[in-house]
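Reviewing the structure listed below.
What follows draws every value from the coordinates through simple rules; no lab data is involved. If you're wondering where the values come from, they're calculated on a predicted model, not measured in any experiment. Note that we place each Cβ from the backbone using ideal geometry, even for glycine, and neighbour counts take in every protein chain shown.
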Amino acid sequence: MYKMNDGWTDERMDDFRDEVNRRFDGVGKRFDKFEGEVERRFGEVDRRFDEVVKELRRINDRLDGMYRASYVVGGGIIIALVGVIVQL
């Protein structure tokens with residue numbers, strides 16, 4: 001198991017900084033190799049999200065239509081019940 005040191009010296013902090021920078025430079029180089037591929041993939045993700053948004057809007061429009069129909073049917077039933085009560 002890793003044992004924690006009591007403190008960090010300036011030299012250890014410099015070593016840590018250099019190691020972190022070295023690793024991030026490696027990550028940057030790997031992304032540079034695939035830059036066009038990354039851009040293409042993000043474009044594909046954007047296109048897919050646009051499709052999802054269109055589908056959600058279509059579903060929302062259908063639900064709005066169902067709500068309107070339920071108001072019309074409910075209103076018709078209430079009017080019919082009022083008419084039956086008036087007739088009695």
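Computed about its Cα centre, the charge dipole of the range 12-87 is approximately 280 debye, with only Lys, Arg, Asp and Glu carrying charge at their Cβ. Once Lys and Arg get +1 and Asp and Glu get -1 on their Cβ, which of Val82, Val52, Tyr71 lies farthest toward the positive end of the dipole of the range 12-87? Working it through, the farthest residue towards the positive pole turns out to be Val82. Counting charges near Val45 (Lys, Arg +1; Asp, Glu -1) among other residues having Cβ under 13 Å from its Cβ returns a value of -2.
Based on the Kirkwood approach, the hydrodynamic radius assigned to the chain is 20.5 Å, with every pair of different Cα atoms included. With the simple spin-label model, which puts each label point 7 Å out from Cα in the Cβ direction, the Asp25 to Asn60 separation comes to 4.9 nm. Counting other Cβ atoms within 10 Å, keep those with at most 11, restrict to DSSP loop, and tell me which trypsin sites (Lys or Arg not before Pro) in the range 1-77 are left. Within the range 1-77, the qualifying trypsin sites (Lys or Arg not before Pro) (loop, at most 11 other Cβ atoms within 10 Å) are Lys3. Using equal-weight Cα scatterers in the Debye expression, the normalised intensity of the range 23-73 in log10 at q = 0.18 Å⁻¹ is -0.71.
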